[in-house]
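A short write-up of the structure that comes next.
What follows is calculated from the coordinates using simple rules that are stated; it is not laboratory data. Keep in mind that what you see is a predicted model, and the values were worked out from it rather than measured. Cβ placement follows ideal geometry from the backbone for every residue including glycine, while neighbour counts extend to all protein chains displayed.
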Amino acid sequence: MSEATNFFTQLVGEDKRTNIPSTISSPVWTGGSATLTAFYTSSVQSGSSGNYYYDVYDKAGTDSTREVQFSVAYGHFNGSGSLNTSTGNNPSKAIYRQFRNVCVRNATSDSKFKFPETNATEFKDAYFISVNRARYREKIDPGNWELWLSGSAPTEGTDEGDSRQSYIKLIDDSGATADSSVNASKRVFNIVSGSIQSGTSVIHTAAAAEPDASGSYGLFYPELGVMVLNATRLSVQSDASLDTGTSANANDDNSMKLFNAIGTGSLFQARREEQIKSSHFFCRVKSDEYNFSQNPTYYKDDTSAELTNTTFIQDPKSYITTVGLYNDNNELLAVAKLSQPLLKSRDREAVIKVRLDF
């Protein structure tokens, strides 16, 4: 602030603490919701880019307030499961290689996904869930998401591992490993069967313990907001019943199969994690400061300085409702509102803490 005057008090070094980092976790989905239970696509978007991916909305097409929450896509290294274009390209090939280039460390033209990454076997096709950038901001909070997939309506009362269950529950294994693969800002965790419904991660089958050549369920990239699901694993998983198609020159609409499995599962919960920086300003109001007000009601009329309340002549009082932060040119930069008016008199001092998050 400027030098002390009748209206301003300068903030000195001890009154300021700036750029204090803190990490916060908050719900991912629109409206501050942590859980989605209903999922919708758009007929307009499906007609334009449906060969490549489907955007998934939180509300039906008749609701003008609906927003894209995430997208689903299918990719195949050789382009199977989709139609050839006139130039010989395939939507599924483009999807697979695009995500491969973004996700796989040290990717080459021949690189393929491995499930898990330590698996010697490479997999030619995969499903992709990409959370909308505006939803996850910096990153999806590892250990704080769960997705249910189902090929039919869930059987009430069944649980993971029960032969009667008709759906699978997917989480990441970030809580089970101290060594997530780290490459710059690109962390990757395994997607495993489990649940966080109890408040903590409960893994039913670790990625390394997944049987046979079908591999694990997939990989999770928190900073990218991407979940890569192993199409081979989901095709042999009877509870999901995705039945992935790999036609040589036909649109098998595999992306819609994943959307249907998510819709029938009816639960996708997630939280995001982001780092914010805060600045704290301690605005000290001494006993002889700010005891008068410029409010017109403080005075009897506009032409005199006579106070409306004559007791204020010897004992002036005011109520602080707002704190303004100014630069050296007396330009208002920020305004803080108090939750309730604060009585100020010569017998009362105050320290008002203003916090700015950015």
Asserting the computed 222 nm helical MRE of the chain (DSSP H runs at least 4 long, -39500 (n - 2.57) per run, divided by residue count, to nearest 500) equals -3000 deg cm²/dmol
Please report 338, 224, 11, 229 as a ranked list, fewest other C-beta atoms within 10 angstrom at the top and most at the bottom. 338, 11, 224, 229
So which of 169/257; 139/277; 59/93; 16/353; 93/257 end up more than 21 Å apart by C-alpha? 59/93
Additional length obtainable on full extension of the chain from residue 345 to residue 23, 0.36 nm per residue less Cα span: 112.0 nm
Roughly how far apart, in whole Å, are the Cα centres of segment 306-327 and segment 35-82? 58 Å
Residues listed by number, segment 319-342, amide nitrogen under 20 Å from residue 15 label point at 7 Å toward C-beta: 319-339, 342
Need one word for the chain: rounded, prolate or oblate. Basis is the Cα gyration tensor (sqrt eigenvalues a ≥ b ≥ c); a/c below 1.5 gives rounded, then a/b vs b/c decides. prolate
Between the helical axis of 254-265 and the dominant principal axis of the chain, each derived from Cα atoms, what acute angle in degrees is found, rounded to the nearest 10? 60 degrees
